[in-house]
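One structure is given here, and the rest of the page talks about it.
Each value in this text was obtained by applying a stated rule to the coordinates, not by laboratory testing. Because the structure is a prediction, the values reported are computed rather than measured. Every residue, glycine among them, receives a Cβ derived from its backbone with ideal geometry; neighbour counts consider all protein chains shown.
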């Protein structure tokens, strides 16, 4: 009979899952930093823009001025975060959240975001008033 333990005790975190969750939060944090920097630059260049017009210009700047793709990002953020569970105005946080999740899934080849709740990461990094 083997004395080797083959499974983690109940309630003990799986180190691999913890590493993957850390990578997701790190990716989201980097996305937040990049988007905040772009927001500051674009807001300074276009002081008359606010709300969705400003978000669109920030996304265009990030994606290389691809208007259709920027519209798709804003629509995806609106549907994913601003229309559910209660419809409200689109916020910059929603756009960043959408870009972080879709970007991570695209680079990692995953269909869903399963291991980590990144809302706290984004809420801590992106001010609500943007």
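Details
- With a simple spin-label model that places each label point 7 Å from the Cα along the Cα-to-Cβ direction, the separation between residue 29 and residue 123 comes to 1.8 nm.
- Between residue 66 and residue 41, the simple label model (points 7 Å from Cα in the Cβ direction) yields a spacing of 1.8 nm.
- Residue-span extension gain [residue 18 to residue 83] - 0.36 nm each, minus C-alpha spacing: 20.3 nm
- For the chain, the square roots a ≥ b ≥ c of the C-alpha gyration tensor eigenvalues yield an a/c of 1.5 or more together with a/b exceeding b/c, which makes the shape prolate.
- Sorted by Cβ density within 10 Å, fewest first, the residues 87, 34: 87, 34
- Computed [θ] at 222 nm, deg cm²/dmol, the chain (DSSP H ≥ 4; -39,500 (n - 2.57); rounded to nearest 500): -20000 deg cm²/dmol
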